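Novice: Below is a structure I'd like to ask you about.
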Amino acid sequence: MPAGRPSKHVRSPFGARLHLARQQAGLSQLQVASVLGVTQPSYADWERRSVALKPEYLPKLAEMLGVSVDFLVGKEPAKRPPAAPAGRARQVFDAVLKLPRKQQAKVVEMAEGFLALHAKPG
């Protein structure tokens, strides 16, 4: 289930591909923006409007989102999304997505802490 408010703008073809790739990668706009060193509102514009993107962002975006630059620029069709995890954990996280963002952040923080405690050294 998508989070945030719906866009008032029709996505550009590039924006639609970028949005699809980010969703399939399971990343938020804020997570992508932080890695790229831009603000979340700036990144949101990339998904919502036709923008002149600096070329150096394309390889970084492609790597982070697990797609090719050719896919992002429209020279390659989209791959099928990975199969969604099934079971109780998926149901719980689907329910978490319906919570307000602050509550979602608390759940994510707890889950990350738990996972860090149980991570195998490697």
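Novice: Taking residue 106, is it closer than 28 Å to residue 37 by Cα, at pLDDT 75 or above and surrounded by fewer than 11 Cβ atoms within 10 Å (Cβ to Cβ)?
Specialist: no
Yes/no per residue for (1) surrounded by 17 or more Cβ atoms within 10 Å (Cβ to Cβ); (2) more than 11 Å from the chain's Cα centre (by Cα); (3) polar (S, T, N, Q):
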site: 16; (1), (2), (3): no, yes, no
site: 21; (1), (2), (3): yes, no, no
site: 24; (1), (2), (3): no, no, yes
site: 35; (1), (2), (3): no, yes, no
site: 52; (1), (2), (3): no, yes, no
site: 59; (1), (2), (3): no, yes, no
site: 63; (1), (2), (3): no, yes, no
site: 69; (1), (2), (3): no, yes, no
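The values are calculated or read from the model by the stated rules, or taken from the named source; none is laboratory data. None of these values were measured; they are calculated from a predicted model. Reconstructed Cβ throughout: ideal geometry from the backbone, glycine too, with neighbour counts over all protein chains shown.
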